[in-house]
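> Pasting in a structure now, in structure tokens, and then I'll have a few things to ask.
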Amino acid sequence: METRKEEIIRVAAKLFKEKGYSAVTMRDLASAMGIKAASLYNHINSKQQILKEIIISLAEEFTQGLQKIQKSKKSNIDKLKDIVKLHVEISSKNTFGMASLNNDWMHLEEKLGYYLQLRADYEEELRSIIAEGVTKNEFVDDNIEVMLFSILSTLRSLYLWIPKKEDLNTEELSQQLSQVLINGINKKID
């Protein structure tokens, strides 16, 4: 059962995606929920608190998922496949929140530094998986930064084109994305 605070955060995330964080007011949020703006403050302190809850919870979920993957004894290719799956699963459950994570993070106030550190650490962990994969001859010896950018750009934008989750087979999408992101689209000619 969703709490009132969770409902407020869910509705706010949807509004932030549709209008942008800066354009949404607490009055807009109250109106979308069919309540008076004053009632919102019984559950939440500010629009900033809502944004912080959305972004930080997602960033921490990604961080925890990556740390678990990184600790596994799997090959770097399998770790990368697990990272793709992590992104598909989180993004498919949180398309509106992912929009805030990608588009509104710069509006974080006191938590901006913390978020930027989580993001930098995440990128560094992913970079190290790719670099180790190159060293172990699992991945092509090419520009690691280009590989990192290509993978992250795709994964970070999943929320834009993931269909309604009822129609989504996350396992299938994860496999297809891994195929393209890890193996590429080059048809091997013997």
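The values are calculated or read from the model by the stated rules, or taken from the named source; none is laboratory data. This structure is a prediction, so every number in the text was calculated from the model and none was measured. Neighbour counts are summed over all protein chains in view; Cβ atoms, including those assigned to glycine, are modelled from backbone coordinates with ideal geometry.
> Answer yes or no as to whether Ile151 is buried (at least 19 other Cβ atoms within 10 Å of the Cβ) and at pLDDT 95 or above.
Yes, satisfied.
> Same structure again: Quick one: what pairs do we get from segment 20-34, first residue under 16 Å from Phe96 (Cβ atoms), second of a type in the set (Phe, Trp, Tyr), C-beta under 9 Å, 6+ apart or different chains?
The qualifying pairs are Ala23/Phe16; Val24/Phe16.
> Given Lys93, Lys74, Lys85, Lys79, which one is of a type in the set (Lys, Arg) and in contact with a Ser or Thr (Cβ under 6 Å, 6 or more places away or on another chain)?
Step by step, each of Lys93, Lys74, Lys85, Lys79 is checked, and only Lys85 is of a type in the set (Lys, Arg) and in contact with a Ser or Thr (Cβ under 6 Å, 6 or more places away or on another chain).
> Given the residues Ile35, Ile56, Ile77, Ile90, which is the only one that is of a type in the set (A, V, I, L, M), under 21 Å from Gln179 (Cα atoms), surrounded by fewer than 19 Cβ atoms within 10 Å (Cβ to Cβ) and out of contact with any strand residue (DSSP E or B) (no Cβ under 8 Å at 6 or more places or on another chain)?
The unique qualifying residue is Ile77.
> I need a count of the residues in segment 95-140 that are part of a helix (DSSP H, G or I), farther than 13 Å from Leu80 by Cα and aliphatic (A, V, I, L, M).
The number of residues fulfilling the criteria is 8.
> I'm checking my understanding of the structure. Among residues of segment 3-19 that are of a type in the set (A, V, I, L, M) and within 12 Å of Phe96 (Cβ to Cβ), which one is nearest to the chain's Cα centre (by Cα)?
Step by step, filter segment 3-19, then rank; the result is Ala13.
> Confirm whether Leu51 is in a helix (DSSP H, G or I), at pLDDT 95 or above and farther than 13 Å from Gly97 by Cα.
Considered against the rule, which asks whether it is in a helix (DSSP H, G or I), at pLDDT 95 or above and farther than 13 Å from Gly97 by Cα, Leu51 comes out as no.
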